[in-house]
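The block underneath contains the structure these notes are about, expressed in structure tokens.
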Amino acid sequence: MSETVTVTTLNDDSTFDAYVARPADTPRAAILVIQEIFGVNAGIRRKCDKLAEDGYLAIAPDLFWRLEPGVELDPDVEPEFQRALDLMGKFNQDQGIRDIEATIHHIREKEGVAKVGCVGYCLGGRLAYMTAARTDVDASVGYYGVGIDGLLGEKHAIANPLLLHIPTEDGFVDKDTQKAMHEGLDDYSKVTLYDYEGLDHGFATEFGKRRADEAAQLADGRTSEFFAQHLGG
């Protein structure tokens with residue numbers, strides 16, 4: 001069962017929408033799904049639906065609501081891809097983390113689910129790292145997160161487990177950035193990194209040209225095991 005719910009901001013002065021997919025039975029835990037630069041589109045909603053099929057309450061907040069509420073873009077359509085890049089450039093990531101934190105509060109207080117994980121893709125992969133460092137989320141997963149080398153100074157604040165999926169031929173994350181991520185995080189006990197040789201950004205998308213099915217299934221299987229281990233249920 002899916003629906004749109006309203007989440008209240010941390011300072012109680014506004015609200016934004018979030019897509020929710022509910023499991024058939026009592027949730028084993030909750031997972032917050034963090035969008036790519038394309039908004040809460042069909043692919044992100046499908047991520048939520050699959051998590052609900054696995055027994056989780058899944059919720060994807062509309063993080064671009066301050067720029068353009070309800071935006072849904074297709075990465076395979078060039079003008080929409082360019083529009084997504086423009087939105088990413090305007091997006092306030094620190095504010096986005098506060099909205100993610102508000103969503104975590106919503107899950108625990110309004111939905112009554114105490115254990116909360118998050119999983120993010122692209123921009124969302126970066127935000128998943130920031131969520132791990134800046135909130136009390138119980139477990140975090142980032143797929144092809146961008147610019148994480150610039151966030152390594154925050155790793156000391158990561159208190160709960162974080163898993164990062166890194167395609168080695170990522171057009172948005174160069175080799176030097178990947179090297180910095182490994183050098184900065186490989187010896188940190190809270191963080192696990194997996195490399196995917198020869199794969200590009202977006203390989204685990206649900207729909208479209210970017211998907212690499214075998215690698216996506218491998219990464220998603222690792223994510224599933226990670227959440228089962230750290231969220232319980």
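The values are calculated or read from the model by the stated rules, or taken from the named source; none is laboratory data. A quick note: this is a predicted structure, and the numbers were derived from the prediction, not measured. Don't worry about glycine lacking a Cβ; one is built from the backbone with ideal geometry, like all the others, and counts go over all protein chains shown. In case anyone asks, the SASA skips ligands and DNA or RNA and just uses the protein heavy atoms, side chains included. Shrake-Rupley method; radii C 1.70, N 1.55, O 1.52, S 1.80 Å.
Computed values, structure above
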| quantity | calculated |
| --- | --- |
| Top positive-direction residue, dipole computed over the range 1-126 with Cβ charges, set 95, 113, 60 | 113 |
| Distant-in-sequence amide H partners of residue 141 (H built 1.01 Å from N, under 5 Å) | 118, 119, 120, 163 |
| Two-decimal Rg to Rh for the range 107-206 - Kirkwood Rh, Cα set | 0.99 |
| Residue-wise HN-Hα coupling along the range 53-61, computed from phi with Karplus coefficients 6.51, -1.76, 1.60 (Hz; x: Gly, Pro) | 4, 8, x, 9, 6, 10, 9, 10, x |
| Dipole of the chain, positive end: most advanced residue of 202, 132, 85 [Cβ charges, Cα centre] | 132 |
| Cα-centre dipole for the range 144-233 with unit charges at Cβ (Lys and Arg positive, Asp and Glu negative), debye to 20 | 260 debye |
| Residue list for the range 157-178, given a label point 7 angstrom along the Cα-to-Cβ vector of residue 136 and an amide N cut-off under 14 Å | 159-160 |
| Separation between Cα centres of the range 4-40 and the range 67-144, rounded to whole Å | 10 Å |
| Accessible surface of the chain [probe 1.4 Å, protein heavy atoms]: carbon and sulfur percent | 46 percent |
| Percent of C-alpha pairs per 5 Å bin, the range 113-170, short to long | 5, 22, 31, 25, 10, 5, 1, 0 |
| Solvent-accessible heavy-atom area per residue, rounded to whole Å², over the chain at 1.4 Å | 43 Å² |
| Cβ charges +1 (Lys, Arg) and -1 (Asp, Glu), total dipole of the range 34-143, debye | 300 debye |
| Backbone HN-Hα couplings from phi across the range 159-175 [Karplus 6.51/-1.76/1.60, Hz, Gly and Pro as x] | 9, 10, x, 10, 10, 10, 9, 10, x, 6, 10, 5, x, 10, 9, 6, 4 |
| For the range 4-77, alpha-carbon Rg over 2.2 N^0.38 Å | 1.13 |
| Total charge dipole magnitude, the chain, about the Cα centre, Cβ charges on Lys, Arg, Asp, Glu only, Debye to nearest 20 | 460 debye |
| Solvent-accessible area of residue 144 with every protein chain in place, 1.4 Å probe, in Å² to the nearest 10 | 0 Å² |
| Rounded to whole Hz, the Karplus (6.51, -1.76, 1.60) HN-Hα couplings of the range 204-210, x for glycine and proline | 9, 4, 6, 10, x, 5, 6 |
| Sorted peptide list for 91-97, 131-137, criterion being average Cβ within 10 angstrom, highest first | 131-137, 91-97 |
| Solvent-accessible area of residue 186 with every protein chain in place, 1.4 Å probe, in Å² to the nearest 10 | 90 Å² |
| Low-density loop positions, GluC sites (Glu not before Pro), the range 1-81 - DSSP coil, at most 15 other Cβ in 10 Å | none |
| Antiparallel %, DSSP beta bridges [both residues in the chain], to 5 | 35 percent |
| Helix-only mean residue ellipticity at 222 nm for the chain, each DSSP H run of n ≥ 4 adding -39500 (n - 2.57), per residue, nearest 500 | -11500 deg cm²/dmol |
